[in-house]
Every structure is written in structure tokens, then in C-alpha cells.
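Some notes on the structure that comes next.
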Amino acid sequence: MIGENYIELLRENILFQDLEEEKYPEFLAAFQEEVWPKNTCNITKTPTLYKFYIIAQGRVKIYRVDPESAREFTLFLLSKNDVFDILCLLENCEHRVFYETLDEATLLSVPIKTMREWIVKFPQINKSLLPYMGRQIRILEEYTSNVVLADISSRLAKLILTHINKKSKKLELINDLSHDELANLIGSTRAVVNRHLQQFKKDGILKISRKKVEIKNLELLLKQAEKNHFPG
């Protein structure tokens, strides 16, 4: 049985937060702890067709790869308390995406069969699925709109704004990503992203160090996000 310290994780998770308090130890007993090393790509070793995951620590990206050009596009960047894979859970079919850890990640896994049984047995979980799915759909909608309608500079600015902590006003989750990873998040290339980041730095919008990006002028960043002039 995994540690009871994970009960708080279940309490905070959008799918399990409405359960009766006495149910948490019972649910936790069904989970197993898994540790995926940094930069581990999991597609066959731990297939989501058979397991459902909650992230306890670390970041996991979900991405697609063009087989001809080998270019990547990151669909989701998941972190603590995110879950995957909803499509496998609901459709009972393989989801042809890759999962890769950006840090050493600790995850809780439960047999997907068990998760389906819980959805039927506990209406609180079933009801909570819709808001989570709605949030993910909004993310994809924003990605699609930006790729079609916004130039690279605006896409990059919007990506940064999306990951600013509203309380601290600091950039989180993507502040230490490589330019390759940032490019994958907005459908661009490392060289183009690097050029725009350097321009943001020159314009006084960002402070960029070797492994960190910080917001220097939020007002200028907001103005940059509103520009949609092609080419990027």
C-alpha cells in the first residue's frame, strides 16, 4: 500500500475531490506509485490503455510526431494533479500519442478497469469528468486558434501569459524549458523561438538567464500577445 500522504493529492484532484472523506483510504489502496526518470518516453512500457494516471510530482508532456519530418507538437503539458489518459478511459482504445517526462516524475496508477468501475459506482467522479474535459478542450481550442490566427511572437507571448502564477506574477511550469520544448508548444522551431525570445529581452519584456526566463514587464508582454501580424 502506498503512503497515506497521497490522500491529500486525491482530495485536491478534480476527479476525486467530492468523495466522502471516509472513501479516500479505500481509493488510495487501489493505486500504485510509479517513478519515471527524467526524459523517459513511455508508450509501450506503461500503456495508458491499461492504466490511468495521476501526476503527484514532475511534468509530463503529451505530444505527437510527424513520421516524415520528425517534427513534434506538444498537445498538453501536464503537472501535479493532472490525469491521463481520458480518451483511453472513455473510449477503451489506444491513444496514439507519446508521453515524456521533463523531470523525474512520480505518478499514481490504477488499473483503467477499476477507474471505469468507479465512474459507474460513484456519480461524483462521473460528474467531475466534464469540467476536466472542458478545460482540456479549451486548451486545444486556444492552441488551434493561435496556430492559425496568430504570428509566432504573439503565440509565444500568449504561452508565457498562460503560465504566469496569478498570485506571485511569476512564470511557472515553462520557465526552465529549452527553446526546443517551447517551440513544440507553439508549433514552431527552436531557431525561430530563440529569435523572438531575444527580441523580447531586447524590448525589456523578459529577463533571460542560462536556464530561466522571468517576466520583466508584464504590460509590454500583454501588448505583444495582442499583436497578430503575419509573417511570424
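The values are calculated or read from the model by the stated rules, or taken from the named source; none is laboratory data. All figures in this text were calculated on a predicted structure; none of them were measured in a lab. Note that each Cβ is placed from the backbone with ideal geometry, even for glycine, and that neighbours are counted across all protein chains shown. Remember, those area values only see protein heavy atoms, side chains included, never the ligands or the DNA or RNA. Shrake-Rupley method; radii C 1.70, N 1.55, O 1.52, S 1.80 Å.
The table below gives the values:
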{"read-out": "Residue check, THR162 open to solvent by 60 Å² or more (accessible area, probe 1.4 Å), among the polar types (S, T, N, Q) and at pLDDT below 90", "value": "no"}
{"read-out": "Residue count for the stretch 169-214, restricted to those that are under 23 Å from the mean Cα position of the chain (by Cα), among the charged types (D, E, K, R) and not in a helix (DSSP H, G or I)", "value": "7"}
{"read-out": "Out of LEU28, LEU10, LEU102, sole residue that is buried (at least 17 other Cβ atoms within 10 Å of the Cβ), over 22 Å from ARG135 (Cβ atoms) and not aromatic (Phe, Trp, Tyr)", "value": "LEU28"}
{"read-out": "Residue satisfying all of: in the stretch 113-144; aliphatic (A, V, I, L, M), in contact (Cβ under 8 Å) with a residue 60 or more places away in the chain and surrounded by 15 or more Cβ atoms within 10 Å (Cβ to Cβ); nearest to VAL213 (Cα to Cα) among these", "value": "LEU129"}
{"read-out": "Contacts under 6 angstrom Cβ, first residue in the stretch 61-81 being on the phi > 0 side of the Ramachandran plot, partner open to solvent by less than 30 Å² (accessible area, probe 1.4 Å), 6 or more apart", "value": "ASN81/ASN13"}
{"read-out": "Check on CYS88, in contact with a His (Cβ under 8 Å, 6 or more places away or on another chain), farther than 19 Å from GLU33 by Cα and open to solvent by less than 60 Å² (accessible area, probe 1.4 Å)", "value": "yes"}
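One line per residue, one yes/no per condition, for (1) closer than 20 Å to THR74 by Cα; (2) of a type in the set (Asp, Glu); (3) touching a residue at least 12 places away in the same chain (Cβ under 8 Å):
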| residue | (1), (2), (3) |
| --- | --- |
| ASN146 | yes, no, yes |
| ALA157 | yes, no, yes |
| SER168 | no, no, no |
| HIS179 | yes, no, yes |
| LEU218 | no, no, yes |
